[in-house]
Structures are given as C-alpha cells and as structure tokens.
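Data block below; observations after.
The values are calculated or read from the model by the stated rules, or taken from the named source; none is laboratory data. The shown structure was predicted, so the numbers you read here are calculated from the model rather than taken from an experiment. Quick reminder, even Gly has a Cβ in these numbers, built from the backbone with ideal geometry, and neighbours come from all protein chains shown. What goes into the accessible areas is simple: the full protein's heavy atoms, side chains included, and nothing from ligands, DNA or RNA. Shrake-Rupley method; radii C 1.70, N 1.55, O 1.52, S 1.80 Å.
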Amino acid sequence: MTKLPTSTITTHVQRLDAERRPGDTGEPPVVVFVHGLLTDSLASYYFTLGPAFAQAGVDVIMYDLRGHGRSDRPATGYRLEHFVDDLVALLDALGETRRVHVVGNSFGGTIAAGLDAWHPERVATVTMIEAEPPVAHWTSHIGEGLADAKRQLVREEVIGWISANHGAHTAKLSRGAGRILQNTTLAEDVPTGRVIDVDLSALGAPLLAIFGDDSGLSAQVSWLTAQVERCRTVVLPDQGHSVLVERTEETRELVLDWVREHHSLTGAVR
C-alpha cells in the first residue's frame, strides 16, 4: 500500500509493473484504472483487469478516488474537476511522464473524459466502461440519482431489501455509500462540477466506449460516434451496468486490443 499527497488530499495508490519477456523492446504503455462512485474502489480493478494487464506487458496504476477506499475523505470538494486534478497530481507524484491510457468504469469514465478534455497532453487513449462524458445533461440525472441515494441509503428497510435481493456484501457496500453521502457534500458537488460542450469537441484522444445493452447508456452510441472522430463503441448483449464484473474477460480483451493498437513500440504488449 502506498499513500501519496495529491492535490489537496492523500491518495491510496497501487502499481503493478509490466512483466517483461525476452524480445520486449522500448518502454511499455501505462494504463490508469479509475473506479466508480460510492460502492467502488481500486479493489474492483485489482480483482478484474489489473493483474492481467501487467502480465500482458502493461504498467498498471490503480488508485482510490477521494472519499473512497483508503484515500482521504474530506468533507467537501467533490466536483468533477477535483477528481481530475487529483489524477493529474497523482501522475506528477509518481513521476509519470508518459501519456496514459486511462480506463474508467461508470463515474471513472467521466473522470477519464475530463482528463482528456482539460489535460490532453497527459492522455494516449480513453476507455469509458458504462460511462458518460461530462456534459450538461449528465449533471442533471447524476444529481437526481445521488440525491435519491442520499435519502434512501440511510433507511434500514432499504438496506434490508438490498441484502435480501443482492446479498450481504452489496448491502455492506451500500451502507458505506450512505455514510459517504451523509458525511460529505459529494451528492451536492458532483452535479455542479465543470462540464464540456455537448458537441464533444474537447475530446481529442481516441475513445473506446463499452456498454451493456440493457443499461440504457448504450443509447449514446450514435451520438458518440458522430461527435468523436476516433471513436469505437462496443455494446455487449444481455448485459446491464455491471460490465466490469460480469463480463471481465471480454472487457479485458477489448481494452488490451485497444492499447495494443495505439501503442507504437513492438513487443511491449502481449
């Protein structure tokens, strides 16, 4: 476990170095995995994509967002730009000068898009898994969802229903999410954060967007492909929002192929 000062907080980060084989040449690519809000942490990547990417010859960075996991939980400061600033500060603290392939799940994908929009010099590619770019209409519905979660996740009958229908572990995570929402201004801050224009002209890096066809977010496909010049979309059939956990193998191959395609040094990515 490593904790580093980043921006206005201390961030918990874990790195996995690329496994090198005879014949590998040049510097390996680096992938930064960014997790989602409330019930998530870097552990979701540690148990899914992270080790496999290192084995494939990729340097891996995983970290806990502010307010999550083992990173600091300030009472305020949860606008999107705070999360993006934390990521930039983390890369600086790690001495990372390579352009990163940033992979974000759910809200992590929104952070990844924000990094591309506001710090394009740091980004090689963006992958959004079941995520949306930070445009104005995104702020309205995420605001409604966070406000509802703040009301509901303090009710024992709601936690009991989650336990009965989704298991004790999910109920525990949901109870923890309720504490974050009650003890911070996250629910109020996220919807008031910085946004980009709906034409997505701020997004310049190659974009891979992966969706489950049952989640509703796949409705973005035609918009994304029309607005982002270098965009590839994949819609997984019979799949809801939990793409990362439920379709790990497919997601791993899609993202690894994407990194291979956009990394110019032969032999570094297997």
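Points to keep in mind about this one:
- Apart from one condition, T2 fits all of (1) more than 21 Å from G109 (Cα to Cα); (2) open to solvent by less than 20 Å² (accessible area, probe 1.4 Å); (3) in contact with a strand residue (DSSP E or B) (Cβ under 7 Å, 6 or more places away or on another chain); the exception is (2).
- All positions within segment 242-270 that are modelled with pLDDT of 95 or more, open to solvent by 80 Å² or more (accessible area, probe 1.4 Å) and part of a loop (DSSP other than H, G, I, E, B): none
- Residue that is farthest from L207 (Cα to Cα) [pool: residues in segment 133-156 that are in a helix (DSSP H, G or I) and of a type in the set (K, R)]: R151
Each row is one residue, and each column tells you yes or no for (1) β-branched (V, I, T); (2) at pLDDT below 95; (3) closer than 25 Å to P191 by Cβ.
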position	(1), (2), (3)
S7	no, yes, yes
E19	no, yes, no
D24	no, yes, no
H35	no, no, yes
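- Number of the exception - S44 against (1) assigned to a helix (DSSP H, G or I); (2) open to solvent by 10 Å² or more (accessible area, probe 1.4 Å); (3) polar (S, T, N, Q); (4) in contact with an Asp or Glu (Cβ under 7 Å, 6 or more places away or on another chain): (4)
- When G36 is tested against (1) touching a residue at least 12 places away in the same chain (Cβ under 8 Å); (2) over 17 Å from T127 (Cβ atoms), just one condition goes unmet, and that condition is (2).
- Close contacts from segment 157-177, counting a first residue that is more than 15 Å from L37 (Cβ to Cβ) and at pLDDT 95 or above and a second that is open to solvent by 90 Å² or more (accessible area, probe 1.4 Å) and in a helix (DSSP H, G or I), with Cβ to Cβ under 7 Å and a gap of 6+ residues or different chains, come to I159/R175.
- Qualifying helices (runs of 4 or more DSSP H) (wholly inside segment 157-232; at least 3 residues being open to solvent by 50 Å² or more (accessible area, probe 1.4 Å)): 168-183, 221-227
Quick grid of which residues meet (1) surrounded by fewer than 14 Cβ atoms within 10 Å (Cβ to Cβ); (2) in contact (Cβ under 8 Å) with a residue 40 or more places away in the chain; (3) basic (K, R):
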{"position": "L115", "(1), (2), (3)": "no, no, no"}
{"position": "W118", "(1), (2), (3)": "no, yes, no"}
{"position": "V126", "(1), (2), (3)": "no, yes, no"}
{"position": "S140", "(1), (2), (3)": "yes, yes, no"}
{"position": "D148", "(1), (2), (3)": "yes, no, no"}
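- For K3: the one exception among (1) in contact with a Ser or Thr (Cβ under 6 Å, 6 or more places away or on another chain); (2) closer than 16 Å to V259 by Cα: (2)
- Some residue of segment 79-87 being in a loop (DSSP other than H, G, I, E, B), farther than 24 Å from V259 by Cα and either open to solvent by 10 Å² or more (accessible area, probe 1.4 Å) or free of Cβ contacts under 8 Å to residues at least 12 places away in the same chain (or both): yes
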